[in-house]
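A.B. asks: Sharing a structure with you now.
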Amino acid sequence: MQEIFSIFVKSIFVDNMIFAYFLGMCSYLAVSKTVNTSVGLGIAVVFVLGITVPVDYLLNEFVLKPGALAWLSKDFADVDLSFLSFIVFIAVIASMVQLVEMVVEKFSPALYSSLGIFLPLIAVNCAILGGSLFMQEREYQSLEQATAFGLGSGIGWFLAIVGIAAIREKIRYSHIPAPLRGLGITFIITGLMGIAFMSFLGIKL
Amino acid sequence: MSAATKEKEPLFSAKNRKLLTNPINLNNPITVQVLGICSALAVTAKLKPAFVMAVSVIVVTAFANLIISLLRNGIPPRIRIIVQLVVIASLVILVDQLLKAFVYDVSRQLSVFVGLIITNCIVMGRLEAFAMGNKPWPSLLDGIGNGLGYSLILIMVGFVRELFGSGTIWGYHVIPQSFYDLGYRNNGFMILPPMALIIVGIIIWIQRSRNPELVEEK
């Protein structure tokens, strides 16, 4: 239990998707102009990461890993399908996003309309595929750990985008050198936020 | 017979050359189109992985553009994203296996970022914006051009970070020992991830001061 909690906290703060790995930067920069839209996208990312990472974990464990097919029959015990993982993960993500979109539309039209076009866009958000690939690389031991990692990374991403959106709303009123306006200053602020987040590195869990 | 009598466009006409050179500066995928930043920053602590990553992305963008452009009339618009993803993912698997076979240590350093070329927005973005509506040859050039624009930024950032962060370039020490004796220290800060963002911010700043038409509206 304690280990799950530590994976969760670590993936939010220490291994933050944005500040430590720059994953999902494209939508992070494009959608962070106002707080409202960035909250919508952030929730969608938490949602999708929380679903796709455990699903990809199961696939990795029972289909892709070297020897993973042993449960089918002894003949498959030395089959290694890990080279297929990219294509399997991206297929899972694309279909999950589609599925999540349909479920949300059916059960919570209000959330659906507030997420709008962000849901389909998430399929090509690097943070989602990155979550699955990190899960595979770090070899989490159980489904709970993978879920904690997925949710934690999503929440970390959420925090980052809401933070930068709040700053960008304020910074509209300041005098920034013209060539730095917009994209340039956003990069530099993200860098500074990353430095701030690095102070979490010292935390041992 | 109009098609046959029409004069054939030379392979490197001015228009085609523009496709190749425009993304390097005025329409740079990273600093102007804001595409593909995710992987651009994480691999640039050293020049060598940055270079390998750049080459991989050029290969993937070029061939993905070419293949999608060849298929463009046969792809039903409703499922085009899936088709594009399958093409990109297959190319990336090829690149990944090649890297593992020939430059294993770099491939370890790049870790998940090779896989993340699949969701690199440059590849998807160019497929959507260009290859779906253009002939194969211009698409190939557009892919190479955008790959080169991406590489340029990657190599610039990698160069600065490795030079000031470790005092080396491509793994060779370039800052002489006498500097260190005088009290020069490597700036360990450069190796850390946030500096990549700040360097790209500065590159954007310089580029936009030189090309005022790129400056964003207030």
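A.B. asks: Between their Cα atoms, which of A:33/A:106; A:65/B:100; A:106/A:170 are more than 25 Å away from each other?
C.D. replies: Values: A:33/A:106 29 Å; A:65/B:100 17 Å; A:106/A:170 36 Å.
Beyond 25 Å between Cα atoms: A:33/A:106; A:106/A:170.
A.B. asks: Moving to a separate point now. Let me know the charge dipole size of the range B:30-210 about its Cα centre in debye, to the nearest 20, where only the beta-carbon of Lys, Arg (+1) and Asp, Glu (-1) is charged. The partial results should precede the final answer.
C.D. replies: Details: 13 positive and 6 negative charges, 66 e Å.
Using Cβ point charges on Lys, Arg, Asp and Glu, the range B:30-210 gives about 320 debye.
A.B. asks: Moving to a separate point now. Defining a contact as two alpha carbons under 8 Å apart and six or more residues distant in sequence, what relative contact order in percent does the range A:1-79 show? Spell out each step's value before the answer.
C.D. replies: Working: 33 pairs, mean separation 8.1, N = 79.
Relative contact order comes out at 10 percent.
A.B. asks: Please order B:192, A:151 by the number of other Cβ within 10 Å, starting at the fewest.
C.D. replies: Details: B:192 18, A:151 22.
Fewest-to-most Cβ neighbours within 10 Å comes out as B:192, A:151.
A.B. asks: From the backbone phi of the range B:180-190, what are the Karplus-calculated ³J(HN,Hα) couplings (6.51 cos²θ - 1.76 cosθ + 1.60, θ = phi - 60°) in whole Hz, Gly and Pro given as x?
C.D. replies: Computed from phi, the couplings for the range B:180-190 are 5, 5, 6, x, 5, 10, 5, 8, x, 4, 4 Hz.
A.B. asks: Between helix A:143-171 and chain A, what is the angle of the helix's C-alpha long axis to the longest principal axis, kept within 0 to 90° and rounded to the nearest 10?
C.D. replies: It works out to around 10 degrees.
A.B. asks: Compute the helix-to-body angle for B:80-102: its Cα long axis versus the longest principal axis of chain B, expressed 0 to 90° and rounded to tens.
C.D. replies: 40
A.B. asks: I need B:21, A:34 ordered by Cβ neighbour count within 10 Å, fewest first. Intermediate values should be presented prior to the final figure.
C.D. replies: Values: B:21 15, A:34 12.
Lowest count first: A:34, B:21.
A.B. asks: Mind jotting down a quarter of the surface of the convex hull over the alpha carbons of chain B, in square nanometres, one decimal?
C.D. replies: Numbers: hull surface 64.6 nm².
That works out to 16.1 nm², a quarter of the Cα hull's surface.
A.B. asks: Starting from the amide H of residue B:169, placed 1.01 Å from N in the peptide plane, find each other amide H under 5 Å away whose residue is 5 or more places distant or on another chain.
C.D. replies: Residues meeting the amide H criterion: B:174.
A.B. asks: Related question: Which ³J(HN,Hα) values, rounded to whole Hz and listed in residue order, are derived for the range B:199-205 from phi using the Karplus coefficients 6.51, -1.76 and 1.60 in 6.51 cos²θ - 1.76 cosθ + 1.60 with θ = phi - 60°, glycine and proline given as x?
C.D. replies: Running phi through 6.51 cos²θ - 1.76 cosθ + 1.60 with θ = phi - 60° gives 5, 4, x, 5, 4, 4, 4 Hz.
A.B. asks: Pull out a ≥ b ≥ c, the square roots of the eigenvalues of the alpha-carbon gyration tensor of the range B:33-120, then state rounded if a/c is under 1.5, prolate if not and a/b is larger than b/c, and oblate in the remaining case.
C.D. replies: prolate
A.B. asks: Here is a further query. Under 1.5 on a/c is rounded, so check that first for the range A:87-205, then, if it is not, pick prolate when a/b is larger than b/c and oblate when it is not; a ≥ b ≥ c are the square roots of the alpha carbon gyration tensor eigenvalues. Each step should come with its number before you reach the end.
C.D. replies: Details: a/c = 2.22, a/b = 1.31, b/c = 1.70.
Oblate shape, in that a/c is at least 1.5 and b/c is the bigger or equal ratio.
A.B. asks: Suppose only helical runs count, i.e. DSSP H with n ≥ 4. What mean residue ellipticity at 222 nm does that imply for chain A under -39500 (n - 2.57) per run, divided by all residues and rounded to the nearest 500 deg cm²/dmol?
C.D. replies: Numbers: 9 runs with 131 residues, N = 205.
When only DSSP H runs of four or more count, the value is -21000 deg cm²/dmol.
A.B. asks: Apply the Karplus curve 6.51 cos²θ - 1.76 cosθ + 1.60, θ = phi - 60°, to the phi angles in the range A:81-91 and return the couplings in whole Hz, x for Gly and Pro.
C.D. replies: Result, ordered by residue: 9, 5, 5, 7, 4, 4, 5, 5, 4, 5, 5 Hz.
A.B. asks: In terms of the Cα gyration tensor, with a ≥ b ≥ c the square roots of its eigenvalues, is the protein assembly as shown rounded because a/c is under 1.5, prolate because a/b exceeds b/c, or oblate?
C.D. replies: Details: a/c = 1.26, a/b = 1.04, b/c = 1.21.
Because its axes are fairly even, with a/c under 1.5, the protein assembly as shown counts as rounded.
A.B. asks: From zero up to wherever the largest Cα-Cα distance of the range B:66-116 sits, split into 5 Å bins and tell me the percent of pairs in each.
C.D. replies: Over the range B:66-116, the share of Cα pairs per 5 Å bin runs 4, 19, 23, 15, 12, 12, 8, 5, 0 percent.
A.B. asks: Here is a follow-up. Where the eigenvalues come from the Cα gyration tensor of chain A, what are the semi-axes √(5λ) of the equivalent ellipsoid, largest first, in whole Å?
C.D. replies: Listed largest to smallest, the semi-axes of chain A are 33, 20, 15 Å.
A.B. asks: Now for a different question. How would you rank A:175, B:173, going from fewest to most other Cβ atoms within 10 Å of each one's own Cβ?
C.D. replies: Neighbour counts put them in this order, fewest first: A:175, B:173.
A.B. asks: Show the residues, 5+ positions off or on another chain, whose built amide H is closer than 5 Å to the amide H of residue A:23.
C.D. replies: Here A:18 satisfy the definition.
A.B. asks: Ok, one more. Taking the range A:64-152 on its own, what percent of its Cα-Cα pair distances exceed 19 Å?
C.D. replies: On the way: 2112 of 3916 pairs.
Tail fraction, whole percent: 54.
A.B. asks: Another one. Check the straight Cα-Cα distances from residue B:48 and name the aspartates and glutamates below 19 Å, setting aside those fewer than 8 residues away within the same chain.
C.D. replies: B:96, B:105, B:162
A.B. asks: Turning to a different aspect of this structure: Counting Lys and Arg as +1 and Asp and Glu as -1, each charge on the Cβ, what is the dipole of the range A:33-174 about the Cα centre in debye, to the nearest 20? Spell out each step's value before the answer.
C.D. replies: On the way: 8 positive and 11 negative charges, 150 e Å.
Taking the Cα centre of the range A:33-174 as origin, the dipole is about 720 debye.
Values quoted throughout were computed directly from the atomic coordinates according to the rules given, and no laboratory measurement underlies them. Note that the coordinates shown come from a computational prediction; the quantities given were computed from them, not determined experimentally. Neighbour counts are summed over all protein chains in view; Cβ atoms, including those assigned to glycine, are modelled from backbone coordinates with ideal geometry.
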